[in-house]
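Read through the structure below, which is laid out as structure tokens, and then see the notes.
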Amino acid sequence: ITNLTGTGQLDPLLAERLKVVGAWLEVNGEAIYSTRRWIHSTEKDTRFTRSKDSRFVYAISTVWPGEKFTSSFLKPKPGSKIIMLGSKDPLQWKIMEGKLEVNIPAQFQNEKNRPVENAWVFKIEIAQ
């Protein structure tokens, strides 16, 4: 429910915020809609959800991770593809010293080339 202005209009600031949230959900909605709580809910600046069938975990990074996204909790299924939602190309990844390291391509280091402005989502098929 939103309040309208005295002229019956939606407050411009609220309208802009709703557009930003809508654009984010258009790209990353699968990490929110019909998901469930995962066994870990947070790790530093990352929040986690899981798909209904528990096959995928969505890591939502609230801070741009730089050249590598890392997690001590995530253990991908061997040979699985990891993608950043909004990008079609799988990302290269490896396990180093028990941690997942996902390489983020150079093109995304430029803010203008990222799929969204904030809260980037990595979709990881996890080992069962």
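The values are calculated or read from the model by the stated rules, or taken from the named source; none is laboratory data. Bear in mind that the values here come from a model prediction, so they are computed numbers and not experimental data. All Cβ positions, glycine included, derive from the backbone under ideal geometry; neighbour counts span all protein chains shown. Areas reflect the complete protein model, heavy atoms only, side chains present, ligands, DNA and RNA absent. Shrake-Rupley method; radii C 1.70, N 1.55, O 1.52, S 1.80 Å.
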Within the accessible area of the chain, what % is carbon and sulfur when the probe is 1.4 Å and the other protein chains stay in place?
51 percent
Options [x] 8.7; [y] 6.9; [z] 9.3 are given for mean projected area of the Cα convex hull in nm², and the computed one is [z]
Test of understanding: what is the full-extension gain from residue 101 to residue 43, defined as 0.36 nm times their sequence separation minus their Cα-Cα distance?
19.5 nm
Through the Karplus equation 6.51 cos²θ - 1.76 cosθ + 1.60, θ set to phi - 60°, convert the phi angles of the stretch 7-24 into ³J(HN,Hα) values in whole Hz; use x for Gly and Pro.
9, x, 9, 6, 3, x, 5, 5, 4, 5, 4, 5, 5, 5, 5, x, 5, 5
Under the Karplus curve 6.51 cos²θ - 1.76 cosθ + 1.60, θ = phi - 60°, whole-Hz ³J(HN,Hα) for the stretch 86-101, x wherever Gly or Pro sits:
x, 10, 8, 7, x, 9, 6, 8, 7, 9, 10, 6, x, 10, 6, 10
Could you work out [θ]222 nm for the chain from helices alone, using -39500 (n - 2.57) per DSSP H run of at least four and dividing by all its residues? Round to the nearest 500 deg cm²/dmol.
-4500 deg cm²/dmol
Given the Cα-Cα distance of residue 33 and residue 127 and 0.36 nm per residue of separation, how much length would full extension add, in nm?
31.6 nm
Sites residue 83 and residue 4, calculated FRET efficiency, Cβ-Cβ separation with R0 35 Å, nearest 0.05
0.30
Rounded to the nearest 10 Å², the accessible area of residue 14 using a 1.4 Å probe with every protein chain kept is 50 Å²
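What whole-number value in Å² describes the accessible area per residue of the chain for a 1.4 Å probe? Let's see the in-between values first.
Values: 8340 Å² over 128 residues.
In whole numbers, the chain has 65 Å² accessible per residue.
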Tell me the accessible surface of residue 7 in square angstrom (1.4 angstrom probe, heavy atoms of protein chains only), to the nearest ten.
110 Å²
Testing the spin-label approximation: label points 7 Å from Cα along Cα→Cβ at residue 64 and residue 118. State their distance in nm.
1.3 nm
Just grab the label-to-label distance for residue 109 and residue 94, each label 7 Å out from Cα along the Cβ direction, in nm (one decimal).
1.8 nm
